Each structure stands twice: as structure tokens, then as C-alpha cells.
Amino acid sequence: MPTSLMINGERRTSNRDPMTPLIDVLRDEFLLTGAKSVCREGVCGACTVHLDGRLAVSCLVPIGTVEGKDVRTVESLAMAGELSPLQQVMEQHDVVQCGMCFPGILMTLTSFFQAQPNAGRDEIKAALVGNICRCTGYERLVDAAVTLTKRS
Ligand code: FES
Ligand code: FES
């Protein structure tokens, strides 16, 4: 049975098996390859998206469970070709290494800053506990993120 949902503001319909992970539908069917499929066990955070405004690891979300829901992927962050403020500071601080973790980190921090725009360094670090960076670039990443907050 088809699943109809909103993805980055557009209504989309998937005919994939309802148990297919959302990450596979995003990447293979809708060619939204920003979210990365890495551990596929809900551990690394590379596949993180926003699902009805909340963080979700899309490798653990069967497409059949998101009928009528609103999904936002990392592709939604740059509006009209302009990077979001978060993306801009990450670029300015030359944070990205291999990039596998980064779409998930951007989605986590975007959600976090919406809720806590005045967060400090320790709170930013805590927010990233579910996002693993194998290149271990955490310090530079937090240095960049903290410049966005009113406490910086
Ligand atoms: S691929 Fe989903 S949490 Fe790692
Ligand atoms: S930049 Fe390589 S895994 Fe994070």
C-alpha cells in the first residue's frame, strides 16, 4: 500500500514495502542523499532527519509508519541556494572532514538551537551525544556551533 507524506515541503508518495526504512526511501527513491546510511542500527546518528519537528533516526523508521507526516532532510536547510546560519559557521570554521556524520549533526544542531538558542558549550556537546564522528572533529565543530549562541 502506498505511503503519502510531506518531504521538505512537497507531497511525495512511496510504493515501497511498508517496512522499508525511511532512509532507503529518501536516498533510493527520492534521491535525497544527504542523510547517510551508516550503522543502520540507530546508533551513529548519520541518518538523522526531522519527523514532525522532532529528531528521528531514519534507519529505524519504517516508511509505512510515516503516512501523512512531515519529514525534513538536510537538503531543506539551505533555502533558495543560501546556506543556513549553522551551515555558514561550519563552513567558515572548516569543520567538515569526510562528511559522513555531518548531515545528521546539522539536523541535530538545527533542532537544538531552535529549542535552546542561548545554549553554552557543554549543552551543545550534550546535544551531540547521539551523533558519532569517526573523524573525531568534535572540538572544532563545537567551537563553530558556539559562535551562533548569544552566550558566545
Ligand atoms: S544509520 Fe541510522 S543511526 Fe546510524
Ligand atoms: S567528518 Fe568524518 S565522520 Fe564526521
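The values are calculated or read from the model by the stated rules, or taken from the named source; none is laboratory data. Keep in mind it's a predicted model, so treat the numbers as computed, not measured. Here the Cβ is made from the backbone with ideal geometry for all residues, glycine too, and neighbour counts use every protein chain on show. Calculation scope for accessible area: heavy atoms of the full protein, side chains included, ligands and nucleic acids excluded. Shrake-Rupley method; radii C 1.70, N 1.55, O 1.52, S 1.80 Å.
Residue separation of residue 40 and residue 116 scaled by 0.36 nm, minus their Cα-Cα distance, works out to 24.5 nm of gained length. Counting only DSSP beta bridges whose two residues both lie in region 3-76, roughly 85 percent are antiparallel. Note on region 13-71: with neighbouring protein chains present and a 1.4 Å probe, carbon and sulfur make up 50 percent of its accessible heavy-atom surface. Sequence-ordered 3J(HN,Hα) estimates for region 21-37 from the Karplus curve with 6.51, -1.76 and 1.60 and θ = phi - 60° stand at x, 3, 4, 5, 5, 4, 7, 8, 8, 9, 6, 9, 9, x, 4, 9, 9 Hz, glycine and proline given as x.
Between the residues 109, 96, 59, the greatest Cα displacement towards the positive end of the dipole of the chain, with unit charges on the Cβ of Lys, Arg, Asp and Glu, is found for 109. Of the GluC sites (Glu not before Pro) found in region 1-106, those in coil by DSSP whose Cβ has at most 11 other Cβ atoms within 10 Å are 41. On full extension, the segment bounded by residue 75 and residue 31 gains 14.8 nm, given 0.36 nm per residue less the C-alpha separation. With all pairs of different C-alpha atoms in the average, the Kirkwood value for the hydrodynamic radius of region 69-152 is 13.0 Å. Taking amide H as placed 1.01 Å from N in the peptide plane, the amide H of residue 20 sits under 5 Å from that of 63, 64, each at least 5 places away or on another chain.
What would the Debye formula give as log10 I(q)/I(0) at q = 0.12, 0.16 Å⁻¹ for the alpha-carbon point model of region 1-87, no solvent? Debye intensities relative to I(0), on a log10 scale: -0.32, -0.57.
Per-residue Karplus couplings for region 123-131, computed as 6.51 cos²θ - 1.76 cosθ + 1.60 with θ equal to phi - 60°, are listed in order as 5, 5, 4, 5, 5, 8, 4, x, 10 Hz, Gly and Pro entered as x.
Taking amide H atoms as placed 1.01 Å from N in the peptide plane, the amide H of residue 7 lies under 5 Å from those of 12, 71, each 5 or more residues away in sequence or on another chain. Placing a label point 7 Å from the Cα of residue 139 along the Cα-to-Cβ direction, the residues of region 58-97 whose backbone N falls under 17 Å of that point are 93-97.
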